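A quick write-up on the structure given underneath.
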Amino acid sequence: TKKIAVPKQYTMIGNSEAIQTIHNMVEKVAPTMARVMVQGPNGSGKELVARALHFKSNRSSKPFVEVNCAAIPSELIESELFGHMKGAFTSAHKDRKGTFEQAQGGTLFLDEIGDMSLAAQAKVLRALEEHKIQRVGSDKTIAVDVRVIAATNKNIKEEIAQNRFREDLYHRLAVIEIHVPALNNRRDDIPLLATHFLSLLTPKKELLPDAVDALQKMDWTGNIRQLRNFIERLHILGGHQISAQDVSTYTLT
């Protein structure tokens, strides 16, 4: 199958050793069927790793479906993942495919899987073992062919020790583990990231060297997401040439 190039908006930017390591891992792992668990803090770019794995795999022409497990109430996660039949519960007005079925032939990205309830974890484990799912309210099984990539900002070993995450599911999901570092641990990449984010905005503006130095000295607790938002703010409020003065003026304290 012809592989699709990773679209620009999903490219992992950076030359730091940490990012090179991730690129190398992606190149090796993407063409396989191995399940991957991506770990790292919020806003560090875990989704980009998942998308790179998808685009560089033989499934790249099929769907990439993302589920944010933290954003879905625990009573609805099963219906979200496995679908439901009309009348299965009060608001089930028609049959609905779940994300496992929507991702058929492609990749299912379970983001923030550490927030999934133990009951849902058990069902996901069964789906991974049997390659089959059941819609809520149905006794019929449906065969599914999806590659599952999971991500979490939690320390999964700790979650297992606290009985909040199933160890058997962890071993199913983490055939390969990829760790994405915090932006504070890859400051060498800030100049590239900042100019990249600025290049996506119009009108075109320039980032002066003193502004880049200032950005490299800041504390990026919100990681790449925070940097991207800050560049957008500088683009809107700063001059045609963005200076260190702009950086200090528009930093939220």
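The values are calculated or read from the model by the stated rules, or taken from the named source; none is laboratory data. The structure presented is a predicted model; accordingly, all values stated were derived computationally and were not measured. Cβ placement follows ideal geometry from the backbone for every residue including glycine, while neighbour counts extend to all protein chains displayed. For accessibility, only protein heavy atoms count, side chains too; no ligands or nucleic acids. Shrake-Rupley method; radii C 1.70, N 1.55, O 1.52, S 1.80 Å.
Sort out which residues of the stretch 86-100 are of a type in the set (Ser, Thr, Tyr) and surrounded by 13 or more Cβ atoms within 10 Å (Cβ to Cβ), and write them in order of number.
Looking only at the stretch 86-100, we keep the residues that are of a type in the set (Ser, Thr, Tyr), and these are 90-91, 99.
Once the filter is applied, which keeps residues that are of a type in the set (Ser, Thr, Tyr) and surrounded by 13 or more Cβ atoms within 10 Å (Cβ to Cβ), the stretch 86-100 yields only Thr99.
Look at Glu159 and say whether it is closer than 18 Å to Met37 by Cβ, open to solvent by less than 30 Å² (accessible area, probe 1.4 Å), out of contact with any strand residue (DSSP E or B) (no Cβ under 7 Å at 6 or more places or on another chain) and part of a helix (DSSP H, G or I).
Numbers: closer than 18 Å to Met37 by Cβ: yes; open to solvent by less than 30 Å² (accessible area, probe 1.4 Å): yes; out of contact with any strand residue (DSSP E or B) (no Cβ under 7 Å at 6 or more places or on another chain): yes; part of a helix (DSSP H, G or I): yes.
For Glu159, the condition - closer than 18 Å to Met37 by Cβ, open to solvent by less than 30 Å² (accessible area, probe 1.4 Å), out of contact with any strand residue (DSSP E or B) (no Cβ under 7 Å at 6 or more places or on another chain) and part of a helix (DSSP H, G or I) - is met.
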* **Boolean, Ala150 is open to solvent by less than 60 Å² (accessible area, probe 1.4 Å) and aliphatic (A, V, I, L, M)** => yes
* To do: Can you tell me which residue among Ser60, Ser44 is in a loop (DSSP other than H, G, I, E, B), touching a Ser or Thr at 6+ places or on another chain (Cβ under 8 Å), open to solvent by less than 20 Å² (accessible area, probe 1.4 Å) and in contact (Cβ under 8 Å) with a residue 24 or more places away in the chain?
  => Ser60
* Which of the following residues is under 30 Å from Leu183 (Cβ atoms) and in a strand (DSSP E or B): Val65, Val49? -> Val65
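Which residue, of Ala143, Ala182, Ala120, is of a type in the set (A, V, I, L, M, F, W, C), out of contact with any Asp or Glu (no Cβ under 8 Å at 6 or more places or on another chain), in contact (Cβ under 8 Å) with a residue 12 or more places away in the chain and more than 26 Å from Thr221 (Cβ to Cβ)? So that I can check it myself, show each step before the final result.
Working: Ala182 fails: more than 26 Å from Thr221 (Cβ to Cβ); Ala120 fails: out of contact with any Asp or Glu (no Cβ under 8 Å at 6 or more places or on another chain).
The unique qualifying residue is Ala143.
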* To do: Give just the number: which of (1) within 16 Å of the chain's Cα centre (by Cα); (2) crowded, with 16+ Cβ neighbours inside 10 Å does Gly83 not satisfy?
  => (1)
* Asked: Within the stretch 77-96, can one find any residue that is free of Cβ contacts under 8 Å to residues at least 60 places away in the same chain, assigned to a loop (DSSP other than H, G, I, E, B) and of a type in the set (Phe, Trp, Tyr)?
  -> yes
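Residue by residue, here is whether (1) under 17 Å from Met12 (Cβ atoms); (2) assigned to a helix (DSSP H, G or I); (3) modelled with pLDDT under 95; (4) touching a strand residue (DSSP E or B) at 6+ places or on another chain (Cβ under 8 Å) holds:
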residue: Asp188; (1), (2), (3), (4): yes, yes, no, no
residue: Ala194; (1), (2), (3), (4): yes, yes, no, yes
residue: Lys204; (1), (2), (3), (4): no, no, no, no
residue: Ala214; (1), (2), (3), (4): no, yes, no, no
residue: Asp219; (1), (2), (3), (4): no, no, no, no
residue: Ile236; (1), (2), (3), (4): no, yes, no, no
residue: Gly239; (1), (2), (3), (4): no, no, yes, no
residue: Ser248; (1), (2), (3), (4): no, yes, no, no
residue: Thr253; (1), (2), (3), (4): no, no, yes, no
